[in-house]
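Colleague: Mind having a look at this structure? Questions to follow.
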Amino acid sequence: VSDQKPLGCWSVKHGQMITCPVVCNFETHEYIAVHDDKVLRIWRDEDVNLDKVFKATLSADVYRIHSLPHGEPLVLFKGGGVRTLDVLLEAPQQEIENFISDEVIKWSEAFLEGEEPILIFATEKDGHYFIYIQKFKLNILHKYKLEQQESFNPLSFTAYIKNQIITLLCLFSNDSIYKVLIPLQQHGEEEEQILSKSLLLKLSVSGSVLKGTSFAVLDKDHVAVLGSLTAVGEESKECLTIWNTKFQTLQTSKELPLGTSGQLWCYGEKFFCTHGKVLTVIIYKCETSSLAAAVGKLKDSQTSDVSYLNWNNLSDEELVVSLQSQQSVTLKSESKMTLRSRRSSIAKVPPDTLTVGQLLLDIKDSSSAAVEEELKQLLSKAQMPDVQATIGCIIPALINRCKTDPMFYPQNFLVQLIQKRELSYSLCPDLMAVALERKDMHLLQICLQCFPDIPEEMTYACLKLFLSISDDYLERSDVNMDSVICYIDIESNNKGVKNEIVENGFNTELEEDSRDTTLTKETLLKNDGEFCPVGPQKAALLNAVLRSAYSETFLLPHLKDLPAQQAVLFLRYLYYLYVKSSEKINTTLPGVLSPTINQIMDWMCLLLDAHFTVMVMLPEAKGLLSSLHKFVRAQVRFYSELNKIEGSLQELQRLKHQKDSQAYSIEVLELI
C-alpha cells in the first residue's frame with residue numbers, strides 16, 4: 001500500500017461475477033473466492049489465471065466466507081447452513097440444510113472463543129429481525145428474535161465476545177445505537193427467545209444529527225460511525241466520527257467531501273473506508289477515557305504534554321483536548337493509501353518545558369530560524385516517547401505555513417529529517433509539492449533518494465522540472481553530485497576524469513558481415529554516446545529519478561505528457577548512461593547512488609513506449625534512434641557470441657578446480 005504498487009490481479013471470465021468478498025486462509029496462505037454464488041475458487045500468489053486454479057461447484061448458494069486467524073475458514077450459505085472449508089471440500093456436492101428459507105441474511109461475523117469457532121448472523125423477514133448463533137463444537141444453532149422498534153429498522157450490525165457474552169451492537173434508522181447482550185452458555189436448542197435491547201448512544205450533538213450507515217467498535221467506551229452529518233438549514237456532509245459511549249459525546253470527526261461507499265472496516269487498530277476513488281486508512285489508538293477528556297475540560301499541566309485529538313483539516317476551535325496520560329483517542333489519517341498527519345495546539349508554557357502544542361502555536365507566526373531552533377530543541381529530548389507521532393504533528397503545520405507565507409521555509413530542518421529517514425512521502429504528501437513550487441532542487445533530490453513511496457505522478461513532475469530547468473539556475477543550486485562525479489567531467493576543461501572507451505561488444509571481426517552495424521569510436525563521438533548531453537547538476541537530479549521506485553502501469557500515462565524536446569533530451573542522457581555502463585565488464589557505473597544498467601534500460605524502454613511515434617517523426621531524434629539501434633544490435637550480437645562459448649568456459653572452470661598443478665606446466669585446450 002505504501003508504494004502504491006499492485007502486487008497481484010486476478011479476473012473471472014466475462015459474464016461471471018464474484019458474489020462474496022474474497023478472503024485469505026491464514027493457515028495455508030491461499031485466497032478463497034466464490035463466483036456465481038456456487039463456484040468456489042482457491043489459489044495462491046504465484047497463480048496467474050483463475051481458470052487454471054482449484055475449482056469446486058457447490059450444491060447451495062454461498063452468502064459469505066469467514067477467515068479466522070488460527071482456524072479453518074467458515075462458509076455460510078444463504079439458507080443458514082454452515083460448513084468449515086475442509087469439510088466442504090471433502091464433498092463439494094454434499095447437501096446443505098436450509099434453516100431460513102423465507103429469511104434473508106443481512107450480516108454475519110465469526111469469532112474464536114478459546115479454540116471454538118462461533119458464527120453469528122442476522123436475518124430479516126417481513127420487517128422482523130432474527131439473530132442466529134452457531135456453535136461448532138456442539139453443533140448447536142440458537143435462534144433469537146430481535147425486539148421490535150416502532151417504525152425503525154437496523155441498518156448495520158457489529159459484535160464482539162468477552163467473558164462468554166456476545167455484545168451485539170445495532171445501528172438503527174432513528175440515528176441511535178442499541179446494545180444487545182447474548183450469553184453463550186445456552187444449554188440445548190431452546191425455543192426462540194426475544195432479545196431486549198438498550199440504548200447505547202444517540203448520534204446527535206448541538207442540533208446536528210448523524211445519519212449513520214456503518215460503524216465499528218474501538219473499545220468498551222468508543223465507537224466509530226460513518227454517515228452524513230446534518231444540521232438545520234445546512235447541507236448534509238459525509239463524515240467519519242468518533243463517539244464516547246460512556247459520556248455520550250462526539251470526540252472528533254472528519255469530513256469526507258468526495259463521498260464514500262457507506263462501508264467502514266476496522267482491522268488491527270486501523271479504519272478502512274473509501275473516499276471518492278481512493279482508499280483512506282485511519283490509524284487510531286484508544287486510551288482510558290475520562291469525563292474531562294470527553295467534554296474538553298482539562299487543567300493545564302507543566303509535566304504533561306497536551307495534544308488534540310484531531311484531523312489535519314479541522315480548525316483548532318473544533319478540536320477536543322485531552323491529557324496525554326488520559327487521552328481517549330489518538331488518530332492519524334492516511335488518504336490515498338498514504339499516511340496523513342495531524343496538527344496540535346496547546347497553551348503557552350515556559351521555554352524550558354517546550355511541548356509539541358507550544359511549538360505548533362509558534363510555527364504560526366515565528367521566523368524560520370526561530371522555528372528551526374525550537375524544532376531541534378524539541379526533537380533532541382532524550383525522553384521523546386514517540387518521535388514518529390511528534391513529527392507527524394509538526395510537519396503538516398510547517399507545510400501549511402510554507403504554503404501561506406512565501407518568506408517561511410525551514411529547508412535545513414526538513415532536509416535533516418529526510419536524511420535521518422524520519423519522513424516518508426505518505427507522512428507529508430504536500431512536502432514535495434511545496435518543494436516543486438519553490439524549485440528546491442536539493443530537497444527534491446533528497447526526497448527522491450530517501451522516500452520509498454513517492455507516487456508516479458510526483459515522480460513525473462520532478463522529472464519534467466529537472467529537464468526544463470536551465471543549467472545556469474542549477475549551477476546556483478545545492479545539488480549532491482556523488483552519483484555523477486566519477487564519470488562526468490565536472491569542469492568542462494578537465495579531461496582527466498573521463499573514462500577510456502572500451503569496445504565492449506564492438507569487435508570488428510564480429511561485424512564484418514554487417515558493415516552498417518559497425519560502431520567505431522568515431523561513430524560514438526559523432527552521436528550521443530560519448531559526451532553527456534546535460535550538465536552535471538541536471539545529471540545528478542535525473543539519476544535520483546532513475547533510482548526511484550515506480551510502477552510502469554501508473555507512470556506510462558504521465559510520461560506520454562512529457563514534451564517532445566524534453567523526451568529527446570532525456571533519451572539522449574539515457575543513451576549516454578547506457579554507453580557508459582557498457583564500457584566496463586561489470587556494466588556498473590562508478591560512484592555513489594548511480595543508476596544500475598537495469599534501471600537505465602527500464603526507463604529507456606518506458607520512454608520509447610510513451611513517445612515512439614513522436615521520436616520517429618522528429619528529425620533531431622532520427623540520428624539518436626539510429627545510434628541506439630546499432631548499439632543495442634551490436635551488443636546483442638556480442639553477447640550471442642559469448643553464449644556460444646559459455647559451455648567451453650564452464651568446462652575450463654571445472655578443469656581448473658579439478659587439476660591444480662603445483663609445478664610449472666603448459667596446457668593446450670581445444671575449444672570445440
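The values are calculated or read from the model by the stated rules, or taken from the named source; none is laboratory data. Computed from a predicted model, the values in this text were never measured in an experiment. Cβ atoms come from the backbone with ideal geometry, glycine included; neighbour counts cover every protein chain shown. We work out accessible area using only protein heavy atoms, side chains counted, and drop any ligands, DNA or RNA first. Shrake-Rupley method; radii C 1.70, N 1.55, O 1.52, S 1.80 Å.
Colleague: Quick check on packing: order 459-468, 33-42 by the mean number of other C-beta atoms within 10 Å, highest mean leading.
Modeller: Top of the packing list down: 459-468, 33-42.
Colleague: Compute the semi-axes of the equivalent ellipsoid of the stretch 182-243, taking the square root of 5 times each eigenvalue of the Cα gyration tensor, and list them largest first in whole Å.
Modeller: They are 34, 13, 10 Å, listed from largest to smallest.
Colleague: Continuing with this model, one more query. Can you work out the FRET efficiency for the pair K135 and Q193, with r the C-beta to C-beta distance and R0 = 22 Å, to the nearest 0.05?
Modeller: My answer for the efficiency is 0.90.
Colleague: Still on this model: Please compute one quarter of the surface area of the Cα convex hull for the stretch 203-286 and express it in square nanometres.
Modeller: 5.2 nm²
Colleague: Here's a follow-up. Mind jotting down the distance between the C-alpha centroids of the stretch 138-204 and the stretch 454-473, whole Å?
Modeller: After rounding, the separation between the Cα centres reads 58 Å.
Colleague: Between E651 and K560, what is the label-to-label distance in nm when each label sits 7 Å out along the Cα-to-Cβ direction?
Modeller: Taking the simple label geometry, E651 and K560 are separated by 5.2 nm.
Colleague: Which FRET efficiency, nearest 0.05, do T84 and L279 yield, Cβ-Cβ r, R0 25 Å?
Modeller: Calculated value: 0.20.
Colleague: Regarding the stretch 357-439, what are the three Cα extents along the principal axes, ordered largest first, in Å?
Modeller: Largest to smallest, the principal-axis extents are 36, 26, 18 Å.
Colleague: What per residue convex hull volume, in Å³, comes out for the stretch 145-268 when only alpha-carbon positions are used?
Modeller: Per residue, the Cα convex hull of the stretch 145-268 comes to 128 Å³.
Colleague: At what distance in nm do the modelled label points of D61 and E583 sit from each other, each positioned 7 Å from its Cα along Cα→Cβ?
Modeller: Going from the D61 label point to the E583 one covers 7.1 nm.
Colleague: Then there is this: Could you pull out the pairs from K403/K560; K78/K270; K254/K464; K55/K78 whose alpha carbons sit more than 26 Å apart here?
Modeller: Beyond 26 Å: K403/K560; K78/K270; K254/K464.
Colleague: Sticking with this one: By how many nm would the segment from K179 to Q94 grow when fully extended, if each residue of separation counts as 0.36 nm and the alpha-carbon distance is taken off?
Modeller: 26.8 nm
Colleague: What is the calculated FRET efficiency for C24 to S551, with r their C-beta to C-beta distance and R₀ = 22 Å, to the nearest 0.05?
Modeller: 0.45
Colleague: A follow-up question, please. Computed over the Cα atoms, what is the radius of gyration of the stretch 241-282 divided by 2.2 N^0.38 Å, N being its residue count?
Modeller: So the Cα radius of gyration is 1.28 times the expected 2.2 N^0.38 Å.
Colleague: Order the following by accessible area, largest value first: V82, V614. Probe radius 1.4 Å; ligands, DNA and RNA are ignored.
Modeller: Listed by decreasing accessible area, they come as V614, V82.
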